[in-house]
Structure formats: C-alpha cells, structure tokens
Amino acid sequence: MAEQPLYNQDVTKVLSDLRTDEKNGLTQVEANQRFLADGPNQLKEAVSTTLFQKFINQFKDFMIAILLVAAVVAAFTGELVDAIFILAIVIINAVFGVFQEAKAEDAINALKEMSTPNANVIRDGKDMSVKSTELVTGDVVRLEAGDIVPADIRIIESASLQIEEASLTGESVPVDKVATTLTATDLPLGDRANLGFMNTNVTYGRGIGVVVGVGMATEMGHIAGMLESSDDTKTPLQENLIKLGRILTYLILFIAAITFVVGLARGRETIIDMLLTSISLAVAAIPEGLPAIVTITLALGTTRMAARNALIRKLPAVETLGSTDIIGSDKTGTLTQNKMTVEKIVVNAEISDAATTEPLSGTFGRLADILALNNDTKRTENGYIGDPTETALIAFNENHQRDIDTLFREMPRLAEIPFDSERKLMSTVHPAPNGYIITVKGAPDELLKRATKIEMAGNIVALSDDIRAKLLSINSELATQALRVLGFAYKLTDAVPEEMRSELVENELVFTGFTGLIDPERPEVAQAVAEAKKAGIRSMMITGDHRDTAAAIAIRLGILDEKDKETAVISGSDLDNMTENEFAANVHKYSVYARVAPEHKVKIVSAWQKKGKVVAMTGDGVNDAPALKTADIGIAMGITGTEVSKGASDMVLADDNFATIVHAVEEGRKVFANIQKALQYLLASNLAEVISIFVMTLLGWHILAPIMILWINLVTDTLPAIALGVEPAQKDVMTQKPRGRSASFLSGGVGAAIVWQGILQAVIVLSVYGFALAYPVHLADAEAHRDALTMSFMTLGLMQMFNAINVKSVYGSMLGKQAFQNKLFNWALLGSLIVMAAVVIIPALNPVFHVSHLDSYQWAIVLFAGISIIIIVEIVKLIQRKIFKKG
C-alpha cells in the first residue's frame, strides 16, 4: 500500500513520525545526530569539468576521428607535412570549442549570487538562528514575510501565511498556506496548501512548520535528480555532422580502394606508389577545414548573439535555434513580468484602465487612499517587500505621483483585523479629519454582502439591487479576463472600535471600487510570438498557473485564438488521464498547458521530439530545468532565472527578453545557411579533386602530389570558407518554414549542386591538363607533363575560389553588386588568389610544390578556365530558375 501523502496526514501524526515536538523542537544533540546521518541540507552540485576535460571532449566527434586516422596514416607513410597540417586543424578546432565553452561558463557564473540564508528554528525549546544547510528533518522553523523557506515543511501554524512558489510551480500569485489536513488526493504542487517548499519565498503573514525533507529529499532535490538522470540531447547540427562524416568515410574508403586496385591492375605502379596515391585521394576527399569552419562560424554567431544579450553555453545551440519548430515557454517571468500590476479599476460602477489620465480625486482619490492604507507592504532600501498584490497597489499610487508617505504619516494605522482565508477580508482603522475611517479590502462578493452604500462621483448613495447586480457582473467580466479582482470599501466612525471583531466592524460599509490585477505580459512578447508564427514556429505556453489565467494571457499574446480556448488548453490532471499514445496522437491540438508538474513538461517536449520536431524550451524556474535539459535547446532567463535552470540550459538570455529568442532564431538560420554554403563550397571542391586524381590515375597521367592538394585545401578551405560564414542573412530568412530535424546540410538543392559543380570543376581541370599536353609550350615530355600539372593545379585552386562566389545562393544569380557586399569575403578572396598564385610566380617555391614557372599564354588559359566556372554556373542557375521557378 502506497504511503499516504504528507498533505493528507494530520499534523500530530507527522510530528510523531518525525519524533519531534511542536513547542520545543528537537534537542541540539538529536539535531547533530540527524545531521551526521543525513548530511547537509543542500542540493548536489554537478561535477564541473576541467579545461583539460573540455579539451578532450572536443575529440568525441566522428569527423574529428576521421581526420585523426588520416593524420596517423599520412605520418606512417612518410607524409609528415600532411599529418602535421591535419593535426593542426584538429587542435585549432578543439581550442575554439574549449574557449567558447569556458567563455560562456564565465559569463553565466558572473550572474550568480552565492548566499546561504539563515533559518529561525526552535531547538531545546529556544528560538535560535542556524544556517539553512544545517537543518534536519524534525526541526521546527518559524517563517515570516521576507523569509526564504529553508527546506520542505509541513505547516503547523498559519497566521495569514502566503508563500510565492513561482520558481517551483510557475504560478505568480502567492499561495495561502493553512495548517489543516487536506482531504483531496493527487494534488499538484500548487494546491498543496499545507506544505512549504525549499527556496520559495514568504510574501505575507507568519507561520510555523516542521521540516519533512532536506537536500535531495525535497521537491527541489527531486527536480535536481531528474536533471542528473537526464541524457543530453544531440543537436540537429551534431546529428548532421555525424551523418555527413559517415557518408564521407564510406565514400573515401570506396574511392581509395577502387583507385588502389585499378592502379595495381594496370601494372605500372608499385604498391607503395598506389598507397600514396590512395592517401592523396583521401586527403583530397576529406574536408579538413570543415570542423574548424563550423566552429568558427558558430563562434562568430555566438559573438553576434552575445551582443544582443543571448549567451550561448554550447556552440551547436546557435544552429539548433535556426531549425526550431516549437518553442515551449514558461509563463511566469518569461512571457509575463512576474510582477502583479493593477490593470483595471472600477469606480462609479464603470471599468477604466489603471493607466487612466483621470485625476485621482473624488471617488478615484478615495479608492487610491484605501489601496495604500489597507496594505501591509514594507519599504526597504531595496524596494518594497510584501504580498505582490499589495505591492502592486502601492505601485498604482506611485505611478500616479501620489504622496503616500505623507498619507501614512497623517493617517497611521491604529487597529486592524488581519486577512484570513475564511472571511476573505482585511480591515484597518486610521484617523480621519472628522473622526476615524475603517478601510476594508477583500473578495468582491463578500465585500458587497456587507456594503449598504456606494460612493458615486463623490456622493454617497444607497447600494441598490440593480447597482449590486451590475457590480457582480463586472466582477465576473474581469475574472473571465484572468484578472484577480479585489473590492474596497470604508466607513466613517467617531471612535476606534473597542473590539476589532468582524461582525462589529465589517458592516454598513460604503463600497468604493474594484481593482483588477494581473501579472502582465512583457510588452515585446506579442510581437515576438507573431514573428515566430510568421517564421513557421509554433509557440506554446507551459505553466503551473491556473487554466483560465493561462488561457487569457495566451490569447493576449497571440499564442491562442479566442475560438480555441476550450479545445487547445489542457491541464496537468487531464494529461495524467491520457495514455502516452493518446497524448502523442493529440499533442498538436494543444497550445496551452496549465497546472503542470515538471514531469509533464518533459513529457510534452518528448512528444514533439518523437514527431521529428526540433523543440526549444524557455524558462526561469527550478521547475523548468528538466524540460530545459530534455529539449533540443533549453533557454534560461539570466536575471530572474534560478541557477538550476541556467545550469540545465544551452542558452541564457542576459536581459530576460523573449524577443531576444526571435533574434537568436534569425541568427541560427543564418548560421545554418552559411555553414551550408561553406559545406557546398568545400565538398564541391574536394569532389573535383577526387575525380581529377582518379581520372588522372586511370589515364596514366602525372597526378597532383599530396602537398599540392594540401596547399589548395589550406588556401581555399580557410579564408574564403570562413568569409562565407559571415555572409549577411537573406531578406526572407524569417519568412521561411523551419527546415526541421529531418533536413540535412545537403537538402534544398545543395547536394545536387555539390555533385554537378564538383564534376564541372573536374572536367575543366582535366580539359586544361589535356589541352596543355596537346599544345605544349615545352616539347620535352617531362617538362610538358610538369607544365600540364602546374596549369591544372593552378586552375583547380583558382576555380575553387571563383566558385565561392557561386555558392552564396543555390539558385540565385550572383552577378551584380550582391556578389561583393561582404567586404570580408572580398578581401579573403583576393588574398587567397594572391597566395595561391605565389607558389608559381615565386621561383624559389617552384621545387617545393613540384611546379614549373608559367608564361603569359599559360596564365591566360588558367585564368580563363578558372573564371569560366562563374559563367557556366550562372547559365545553369538561369535554366534551373526557369524550370523550377526558384527565387
């Protein structure tokens, strides 16, 4: 039989089971023994990795493994220059990765504020203050407004105790805490009113509780355990690179093997010669610069995003944003401001906006006075402390430049009846010009029962049934908009009541007005949601808040249509009643999830992932952390976010601005497009090299030496490819649909472009070689072959760089000024052309690269052949646009 939940247990039983006493608490001796047995009251911290471990982790990549094998083989066969070059690329890539990861961690650590709050406990019958880490189960703790709940507790006494649990449940409105036993079963965290949870905030009242859970045994610890057992999700970029690496490996091995066998079959080459030729093919086929290009492109993306307040913790997260299909967002603090605000006021039985320019005089002024006087908010050096609803009432006065400090001095509180959850009212007594005023605040329906008059336009008239009905109708109207409605009334008296009892004080009231409060949406979020929708990205709200509140905010933000609020909203309890298959089949129907637990958030993210969708999850609370880690990209809030949520995330928003996510998505799409351009450029070039060497081998021609191939790759795979990584985004990048998880770097026509452009380059190179042999400048056979090899070598190098202009668009024409908008690319191309030509122009370098000095006639052929790639590709693109209607 399952153990009865604590909220269903009587306080006496809980105290008995914990072997503690409500009045005297634990003895110090017993507390020490329990501390030794259970350990400190703190969560396990994730083991941090050293710089060396970060460096080693960079090598756990399939493409890197291929390069390392190639380096070993090259070194074993005597090609030390090849081996050193490949290892240099791998090490540079690893250093970039470590640098970025360490930089991101430093930025996030700068946001941390380490503190160990004290707890007020009763031990040996005495009140004392101890560090919260020293608490043990059975300790009796006292709580009051401003405290942080130091552990999970069962409430023993409650005097108007309210605890704000947004970081755990996602609900912004504080929870009224009670000491009574709850009879309902299977309650979500937000409804367990007789329990307090570690690291939540006391906003009002006071109370006493007994510690029932510490450290990892708390609800916070439960979430931390979920994080520990959760596996990191590979990003689409990582999956793409793994698949690409495997394809390249198989192709390289196949081509090298065929070349080796064909060469031996011809009988003209030795095994060593053919082994070296096969290695040359492998070197030609492997895009040595790709890992470095990807890393540099991502790093440049992180730099641009950091300038826009998005801190990237893991490099691949930059690109993942660009492939996002779904953004599952927490409500409180992410979509909303996590700050209760007066939005509507009702005076004279009419609804007005709280930002009204109406002077706060007459009845408006009377209402404003009561908002301030009937209020337990305390002013501190760091702002106001108290119930968020009450601090919002003070803020309303300040927003209208009212001098409430003078009001407090002239009308101090003389007596009060505190709020309690049964009568749902609070009353205070203050001196007034002609006697005393009793102010009353509370639930509108309860207040209207006790009011007999109403102040209308400064006049006090009888509260008729018609006006009462109208006020109740307004209350319902505001409630349907998810506003928290409070009523206010007063009455004047000649003396302070001798007995402050409800039945004597809270009657014959003059009704003044209502306030409608809400945790308002962030002003920039609605536009961000609209932009995401335009980009084909679906935004969802996943919150611990109530169904009606969540739906109302979602409608205001454009996440939910008014007509869908009955069918597109689902609660955590409804989710529990659905089987996994049922939910997976219906997950697309829901845009708002209310009253959900951390397990539900993970379930939602996983359901979308099973449908092949790339999911981003935003959040700031501890309750968001498991879903942040499970999602393809977890996005935490840097200012209001908990350290647990930041640690589980891939990206942190330094400004807590939801709109920053949309900017990051745009940047992610640009990064993917630029990596795709670089990949097309590199693979088309490498394919041309492979085909050229393979055909040269078959025809018995002299082939390009490994140092030639490495030099071409060094010159063409660096500056031009890197410059492609900073190409400006296309104008329509945020109107395109997400490419999704199934898309690859070879999709969108890129794969086909690589093949035909690679073949075209090889044909041009082989044609130049054949032409040079047919019409040699030097008649000697050896010199003719050297000239032909040099011309084909230079043609291949120059043509690859000219083709970099072509790959800026798969189908679009690059003739015109748009081809040269990227100044970095222009300088990179010019510099690479000069460096490439230098090995032939400078005589001292000729023997190093096994090339000859070319005359003007030969250079003219090389330049014409190289530039011809632009002309031919433009013609092909024009035909493709005509046929496929491509833009």
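The values are calculated or read from the model by the stated rules, or taken from the named source; none is laboratory data. Not measured: the values here are computed from a predicted model. Because the Cβ atoms are built from the backbone with ideal geometry, glycine has one as well, and the counts that use them run over all protein chains shown.
Quick look at the values:
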{"item": "Strands (runs of 3 or more DSSP E) wholly inside the stretch 496-571 that include at least 3 residues being over 30 Å from SER427 (Cβ atoms) and free of Cβ contacts under 8 Å to residues at least 40 places away in the same chain", "result": "569-571"}
{"item": "Unique residue being over 25 Å from ARG538 (Cα atoms), in contact (Cβ under 8 Å) with a residue 40 or more places away in the chain and assigned to a helix (DSSP H, G or I) when the list is THR303, THR320, THR297", "result": "THR297"}
{"item": "Selected residue (only one of VAL777, VAL840, VAL835 is over 30 Å from PHE745 (Cα atoms) and assigned to a helix (DSSP H, G or I))", "result": "VAL840"}
{"item": "Tally, over the stretch 346-378, of residues that are out of contact with any Asp or Glu (no Cβ under 8 Å at 6 or more places or on another chain), at pLDDT 90 or above and within 22 Å of ASP405 (Cβ to Cβ)", "result": "8"}
{"item": "Top-ranked residue of the stretch 461-487 - restricted to ones that are over 42 Å from the mean Cα position of the chain (by Cα) and surrounded by 15 or more Cβ atoms within 10 Å (Cβ to Cβ), ranked as farthest from ASP519 (Cα to Cα)", "result": "LEU463"}
{"item": "Matching residues, the stretch 157-183, being among the hydrophobic types (A, V, I, L, M, F, W, C) and without any contact (Cβ under 8 Å) to a residue 60 or more places away in the chain", "result": "LEU161, ILE163, VAL175"}
{"item": "Top-ranked residue of the stretch 122-136 - restricted to ones that are basic (Lys, Arg) and surrounded by fewer than 18 Cβ atoms within 10 Å (Cβ to Cβ), ranked as nearest to TYR204 (Cα to Cα)", "result": "LYS131"}
{"item": "Test result for GLN680, part of a helix (DSSP H, G or I), closer than 18 Å to LEU251 by Cβ and in contact (Cβ under 8 Å) with a residue 60 or more places away in the chain", "result": "yes"}
{"item": "Evaluation of LYS613 against (1) part of a loop (DSSP other than H, G, I, E, B); (2) over 18 Å from the mean Cα position of the chain (by Cα); (3) of a type outside the set (Asp, Glu); (4) modelled with pLDDT of 85 or more (one fails), failing number", "result": "(2)"}
{"item": "All positions within the stretch 340-395 that are touching a Lys or Arg at 6+ places or on another chain (Cβ under 8 Å), assigned to a helix (DSSP H, G or I) and of a type in the set (Val, Ile, Thr)", "result": "ILE370, THR389"}
{"item": "Candidate set: the stretch 665-724, residues that are of a type in the set (S, T, N, Q) and over 40 Å from the mean Cα position of the chain (by Cα); chosen: the one farthest from ILE247 (Cα to Cα)", "result": "THR697"}
{"item": "Counted residues, the stretch 843-887 - those being outside any helix (DSSP H, G or I) and either in contact with an Asp or Glu (Cβ under 6 Å, 6 or more places away or on another chain) or not β-branched (Val, Ile, Thr) (or both)", "result": "8"}
{"item": "Filter result for the condition that a residue is of a type outside the set (A, V, I, L, M) and out of contact with any Lys or Arg (no Cβ under 9 Å at 6 or more places or on another chain), over GLY812, GLY797", "result": "GLY797"}
{"item": "Residue check, ASP139 over 17 Å from ASN201 (Cα atoms) and either crowded, with 24+ Cβ neighbours inside 10 Å or in contact with a Ser or Thr (Cβ under 8 Å, 6 or more places away or on another chain) (or both)", "result": "yes"}
{"item": "The stretch 732-770, subset at pLDDT 90 or above and of a type in the set (Phe, Trp, Tyr), residue nearest to MET791 (Cα to Cα)", "result": "TYR769"}
{"item": "Residue under evaluation ALA159, criteria (1) modelled with pLDDT under 85; (2) of a type in the set (A, V, I, L, M); (3) in a loop (DSSP other than H, G, I, E, B), criterion not met", "result": "(3)"}
{"item": "Top-ranked residue in the stretch 468-493 [being closer than 30 Å to PRO433 by Cβ and of a type in the set (Ser, Thr, Tyr); ranked as modelled with the highest pLDDT]", "result": "TYR490"}
{"item": "Count - residues of the stretch 663-715 that are at pLDDT 80 or above and either among the small types (Gly, Ala, Ser) or in contact with a strand residue (DSSP E or B) (Cβ under 9 Å, 6 or more places away or on another chain) (or both)", "result": "11"}
{"item": "Selected residue [surrounded by 19 or more Cβ atoms within 10 Å (Cβ to Cβ), more than 18 Å from THR336 (Cα to Cα) and assigned by TED's automatic domain parsing to the domain that holds SER329] from VAL602, VAL592", "result": "VAL602"}
{"item": "Which numbered condition SER464 fails, given (1) farther than 22 Å from GLY365 by Cα; (2) modelled with pLDDT under 90", "result": "(2)"}
{"item": "Yes/no for VAL202 being among the aliphatic types (A, V, I, L, M) and under 30 Å from VAL592 (Cβ atoms)", "result": "yes"}
{"item": "ILE394 being free of Cβ contacts under 8 Å to residues at least 40 places away in the same chain and touching a Phe, Trp or Tyr at 6+ places or on another chain (Cβ under 9 Å)", "result": "yes"}
{"item": "Positions within the stretch 180-202 being among the small types (Gly, Ala, Ser) and under 25 Å from LEU486 (Cβ atoms), in sequence order", "result": "GLY190, ALA193, GLY196"}
{"item": "Top-ranked residue of the stretch 563-587 - restricted to ones that are surrounded by 15 or more Cβ atoms within 10 Å (Cβ to Cβ) and aliphatic (A, V, I, L, M), ranked as farthest from the chain's Cα centre (by Cα)", "result": "MET578"}
{"item": "Residue in the stretch 786-804 that is surrounded by fewer than 19 Cβ atoms within 10 Å (Cβ to Cβ) and among the acidic types (Asp, Glu) present", "result": "no"}
{"item": "Number of positions in the stretch 434-460 that are under 52 Å from the mean Cα position of the chain (by Cα), assigned to a strand (DSSP E or B) and among the charged types (D, E, K, R)", "result": "2"}
{"item": "Search result, residues across the stretch 641-668 that are part of a loop (DSSP other than H, G, I, E, B) and under 17 Å from ILE542 (Cβ atoms)", "result": "GLY641, THR642, SER649"}
{"item": "Criterion (at pLDDT 80 or above and either in the same structural domain as ILE604 (by TED's automatic domain parsing) or hydroxyl-bearing (Ser, Thr, Tyr) (or both)) met by exactly one of THR295, THR336", "result": "THR336"}
{"item": "Residue in the stretch 311-331 that is surrounded by the most Cβ atoms within 10 Å (Cβ to Cβ), counting only those that are under 11 Å from VAL665 (Cα atoms) and small (Gly, Ala, Ser)", "result": "ALA317"}
